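Visitor: Pasting a structure here, questions to come.
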Amino acid sequence: MKWSKLIVPMQRRFRRQRAKKILERFPQINGALVIDIGGSLAFWRTVEDILRPSRVLVYNISDDRMKMGHQPADDYIELHFYDGVRVPQDENTAEIVICNSVIEHVPLEQRAGLAAEVMRVGKNFVAQTPAPEFPLELHFGMPFLHWLPRSIGRRLVRFSPFALFGPENGQRYFDETRLLTRKELAGYFPPAKIEVEYFLGMPKSLLAFG
């Protein structure tokens, strides 16, 4: 698909840039235990030459999203299906917790709980979410979609590249995706420093480092 040929290389580039930023902030990640909440094998396959933890515990509510077409994990990566509420680990289990592009998909009433779990199970953490100021809604490959009223955006998503996976799936994915402002992200992670990833001079992602 032409859409995938455009979006996939961009996703790969963004993931590798983010991995370098994580390594710069947390050089101790190499050789450490990492928990990835809502993560996938796709991320770790893309950055395995940059981030080299001794062990990665991935927790996700969807087995399909964890694997995303990839083969079973390497020995140092463990995939765990969980309830999306409580990560079955003690406080400060991991040196670093990563939560990449997850919180914008969590229902509003559950976001504080997710943030609390990120901060509970890790000594350090990074939580990333797309910046609403970026004109392209990368979840759907459509410009300005997230700037429109929700009722209009929901109708237009039927014509997005994502609709190739089925119009109903696209609308369901749209319903569960609500981007956060910088202020909202800081409110969920009060101890964190919020940094901005830029692309072509525009805010592309927000990162909470704690």
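The values are calculated or read from the model by the stated rules, or taken from the named source; none is laboratory data. Note that this is a predicted model, so its numbers are computed, not measured. All Cβ positions, even for glycine, are placed from backbone atoms using ideal geometry, and neighbour counts span all protein chains on display. Side chains are part of the model used for accessible areas, which takes the heavy atoms of the whole protein and leaves out ligands, DNA and RNA. Shrake-Rupley method; radii C 1.70, N 1.55, O 1.52, S 1.80 Å.
Visitor: Out of the total accessible area of the chain (probe 1.4 Å, heavy atoms of protein only), what percent is carbon and sulfur? Could the numbers behind the result be given before it?
Guide: Numbers: 5930 of 10790 Å².
Answer for the chain is 55 percent, counting heavy atoms of protein chains only.
Visitor: Treat each spin label as a single point 7 Å out from the Cα along the C-beta direction, and report the Ala116 to Asp90 distance in nm.
Guide: 2.1
Visitor: For the stretch 166-210, what D do you get in µm² per second when you plug the Kirkwood radius from alpha-carbon pairs into Stokes-Einstein at 4 °C and 1.567 mPa s? The partial results should precede the final answer.
Guide: Values: Rh = 12.3 Å.
Rounded to a whole number, D works out at 105 µm²/s.
Visitor: Put +1 on the Cβ of every Lys and Arg and -1 on every Asp and Glu Cβ in the chain; which of Gln11, Pro143, Leu180 then has its Cα farthest towards the positive end of the dipole?
Guide: The residue sitting most towards the positive pole is Pro143.
Visitor: Additional query: Using only Cα atoms, what is the ratio of the radius of gyration of the chain to 2.2 N^0.38 Å?
Guide: On the way: Rg = 16.6 Å, N = 210, 2.2 N^0.38 = 16.8 Å.
The reported ratio for this selection is 0.99.
Visitor: Report the calculated FRET efficiency for Gln28 and Asp175 (r = Cβ-Cβ distance, R0 = 30 Å), to the nearest 0.05. All intermediate terms of the calculation are to be shown ahead of the outcome.
Guide: Details: r = 39 Å, r/R0 = 1.30.
With a Förster radius of 30 Å, E is 0.15.
Visitor: In percent, what relative contact order does the chain have, based on Cα pairs under 8 Å that are 6 or more apart in sequence? Each step should come with its number before you reach the end.
Guide: Working: 349 pairs, mean separation 35.2, N = 210.
It comes to 17 percent, rounded to a whole number.
Visitor: Kindly count the pairs of lysines across the chain whose alpha carbons are less than 24 Å apart, treating pairs on different chains or eight or more residues apart as eligible.
Guide: 18
Visitor: Let's see if you can work this out: charge +1 on each Lys and Arg Cβ, -1 on each Asp and Glu Cβ, no other charges. What is the dipole magnitude of the stretch 96-185 about its Cα centre, in debye to the nearest 20?
Guide: Values: 11 positive and 9 negative charges, 19 e Å.
Once rounded to the nearest 20, the dipole reads 100 debye.
Visitor: Can you tell me the dipole magnitude for the chain around its Cα centre, using point charges on the Cβ only (Lys, Arg +1; Asp, Glu -1), in Debye to the nearest 20? The partial results should precede the final answer.
Guide: Details: 29 positive and 24 negative charges, 168 e Å.
In debye, rounded to 20, the chain gives about 800.
Visitor: If I take R0 = 35 Å and measure r between the Cβ atoms of Glu48 and Lys183 in this structure, what FRET efficiency does the formula 1/(1 + (r/R0)^6) give, to the nearest 0.05?
Guide: Efficiency for this residue pair is about 0.55.
Visitor: With r as the distance between the Cβ atoms of Glu109 and Glu133 and R0 = 25 Å, compute the FRET efficiency 1/(1 + (r/R0)^6) and round to 0.05. Numbers along the way, then the final one.
Guide: Values: r = 25 Å, r/R0 = 1.01.
For R0 = 25 Å, the calculated efficiency reads 0.50.
Visitor: Moving on to the next point. Please determine, in degrees from 0 to 90 and to the nearest 10, the orientation of helix 2-25 with respect to the longest principal axis defined by the Cα atoms of the chain, where the helix direction is its Cα long axis.
Guide: Tilt relative to the chain: about 30 degrees.
Visitor: Still on this structure, please answer the following. Using a 1.4 Å probe, what is the accessible area per residue for the chain, in Å²?
Guide: On the way: 10790 Å² over 210 residues.
Accessible area per residue, the chain: 51 Å².
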